[in-house]
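Notes to accompany the following structure.
The values are calculated or read from the model by the stated rules, or taken from the named source; none is laboratory data. These figures come from a predicted structure and were not determined experimentally. Reconstructed Cβ throughout: ideal geometry from the backbone, glycine too, with neighbour counts over all protein chains shown.
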């Protein structure tokens, strides 16, 4: 097979449902997907020569990237032996993503540039044609073709219509079994090196008992997520590692009054994070979106987005700083003063605690918090509120300061920022620039997704591109 033809067939993506093989003329017939016209066309690809000894691909990690990568490898190279090694339960992150519903991808995001901007680490590298091979539409088509009905919600998030991540998990595991992928759990790949013949020499161990197994592999795909295991293996094979730090976390806030508002949501706020060690104006430390009050502080998409973009800055500052929140970002300060003055004259005889401008879209519980923070007594009438207090309330709603004292605590960080630098990986194939036949997919690399809904897309896209070199070598 020529290099150009192999590249072309994989770059456009090969359907998992291939046509029957015509062995009489020495060609395989595959259905090729055209990303522009979204139609399938038949293309002949020279048949691979049968080797005397089957080759082995070992996949480290049974998450979304690892399992999908294994499926793609067996789909494109059926004679390739594929072994997935997972230390825990396969697809465990998929199970809990989206509140147990699994955010498959984003159905409103089709522009490559916009897609790239969803990655605080990697947005520059992913611009251009990075997502041409496997975008959101391809992700949705793959699951639909494999029996998982999907729906797009108003904000663009795509979920299975069953509202259960089990639909996605069952689909992936069923397809992996159908393709002949071997999956071994409760094992770890503890070390990796390259032998004299170019094969990977892997040491496998069980987590609970004394067990050691040595495996020789022709290809190695590290898709272990943000765990230290993958970073250690990459380092053993010559890669540098950017030390991982937590990303996508909530903020602890030192405010007893705020704790009483647990459960209150704001559909749209603007937040700006000020850190003592960051003196320059950093646009990524300002975000807009929905926010949620928790019993320990603040959460919601806008906070998670802010933590992702500011992960390393927050780490270096000890997760301490000042969070400025604009609760009415669509109104200017002067307009708010005017609205408050109008409300004062119209409802002069009403208690300030029980009456507030409806245009601010605030809940009664939060308005009480603002009134208390301003120091107004509960029985104060609007007629008694001074002009200075009006100005102060408007300013408080536009520039409300909260002291950030830490981040939300989890046993294991769901997402981290760190790993193998993208500069050491060929993004066309996801192959290592340091070690031949070594590939990466997912969070083992130094990247972070702004929201988890883009993780599945990225894992599939990585795994699809990784198959380019593996399939080429087999053919």
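Residue-wise test of (1) in contact with a strand residue (DSSP E or B) (Cβ under 6 Å, 6 or more places away or on another chain); (2) at pLDDT 95 or above; (3) part of a strand (DSSP E or B); (4) crowded, with 18+ Cβ neighbours inside 10 Å.
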| site | (1), (2), (3), (4) |
| --- | --- |
| 393 | no, yes, no, yes |
| 402 | yes, yes, yes, yes |
| 416 | yes, no, yes, yes |
| 419 | yes, no, yes, yes |
| 435 | no, yes, no, yes |
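Of the residues making up segment 447-459, one or more are in contact with a helix residue (DSSP H, G or I) (Cβ under 7 Å, 6 or more places away or on another chain) and either modelled with pLDDT of 75 or more or part of a strand (DSSP E or B) (or both).
All of (1) free of Cβ contacts under 8 Å to residues at least 12 places away in the same chain; (2) closer than 30 Å to residue 446 by Cβ hold for residue 375 with one exception: (2).
From the list 201, 183, exactly one residue is under 30 Å from residue 434 (Cα atoms), surrounded by 15 or more Cβ atoms within 10 Å (Cβ to Cβ), more than 25 Å from the chain's Cα centre (by Cα) and at pLDDT 95 or above. Which is it?
Going through 201, 183 in turn, the sole match is 201.
Among the residues of segment 234-244, those that are in a strand (DSSP E or B) and either at pLDDT 95 or above or surrounded by fewer than 18 Cβ atoms within 10 Å (Cβ to Cβ) (or both) comprise 242, 243. Kindly indicate the residue of segment 187-210 that is in a loop (DSSP other than H, G, I, E, B) and in contact with a strand residue (DSSP E or B) (Cβ under 6 Å, 6 or more places away or on another chain) and also nearest to residue 76 (Cα to Cα) among those meeting that condition. It comes out as 199. Of the listed requirements (1) modelled with pLDDT under 85; (2) part of a loop (DSSP other than H, G, I, E, B); (3) buried (at least 22 other Cβ atoms within 10 Å of the Cβ), residue 108 misses just one: (3). Given the criteria buried (at least 18 other Cβ atoms within 10 Å of the Cβ) and within 30 Å of residue 329 (Cβ to Cβ), does residue 251 qualify? So residue 251 fits the description; yes. Taken across segment 354-363, residues that are touching a residue at least 40 places away in the same chain (Cβ under 8 Å), within 35 Å of the chain's Cα centre (by Cα) and more than 30 Å from residue 278 (Cα to Cα) do occur, with at least one present.
The number of residues in segment 192-228 that are within 14 Å of residue 87 (Cα to Cα) and touching a helix residue (DSSP H, G or I) at 6+ places or on another chain (Cβ under 7 Å) comes to 5. Only residues that are out of contact with any strand residue (DSSP E or B) (no Cβ under 6 Å at 6 or more places or on another chain), under 16 Å from residue 265 (Cα atoms) and at pLDDT 95 or above were counted across segment 304-331, and they come to 1. Residues of segment 371-388 that are crowded, with 19+ Cβ neighbours inside 10 Å and either part of a helix (DSSP H, G or I) or outside the structural domain of residue 326 (by TED's automatic domain parsing) (or both): 371, 382. Looking across segment 152-178 at every residue that is in contact with a strand residue (DSSP E or B) (Cβ under 7 Å, 6 or more places away or on another chain) and over 16 Å from residue 97 (Cβ atoms), the one that is surrounded by the most Cβ atoms within 10 Å (Cβ to Cβ) is identified as 176. Here residue 287 meets the list (1) modelled with pLDDT of 90 or more; (2) in contact with a strand residue (DSSP E or B) (Cβ under 6 Å, 6 or more places away or on another chain); (3) surrounded by fewer than 20 Cβ atoms within 10 Å (Cβ to Cβ) almost entirely, failing just condition (3). Within segment 332-355, the set of residues being within 15 Å of residue 396 (Cβ to Cβ) and at pLDDT below 95 comprises just one member, 352.
Consider segment 344-370 and keep the residues that are in contact with a strand residue (DSSP E or B) (Cβ under 8 Å, 6 or more places away or on another chain) and more than 21 Å from residue 332 (Cβ to Cβ). The one that is surrounded by the most Cβ atoms within 10 Å (Cβ to Cβ) is 352. Which condition does residue 227 not pass, out of (1) surrounded by fewer than 19 Cβ atoms within 10 Å (Cβ to Cβ); (2) modelled with pLDDT under 95, if it passes all the others? Failing condition for residue 227: (1).
Yes/no per residue for (1) over 25 Å from residue 419 (Cβ atoms); (2) in a helix (DSSP H, G or I); (3) not assigned by TED's automatic domain parsing to the domain that holds residue 387:
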site: 272; (1), (2), (3): yes, no, no
site: 291; (1), (2), (3): yes, no, no
site: 307; (1), (2), (3): no, yes, no
site: 331; (1), (2), (3): yes, no, no
site: 336; (1), (2), (3): yes, yes, no
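Filtering segment 388-399 to residues that are farther than 23 Å from residue 268 by Cβ and touching a residue at least 40 places away in the same chain (Cβ under 8 Å) leaves 390, 391.
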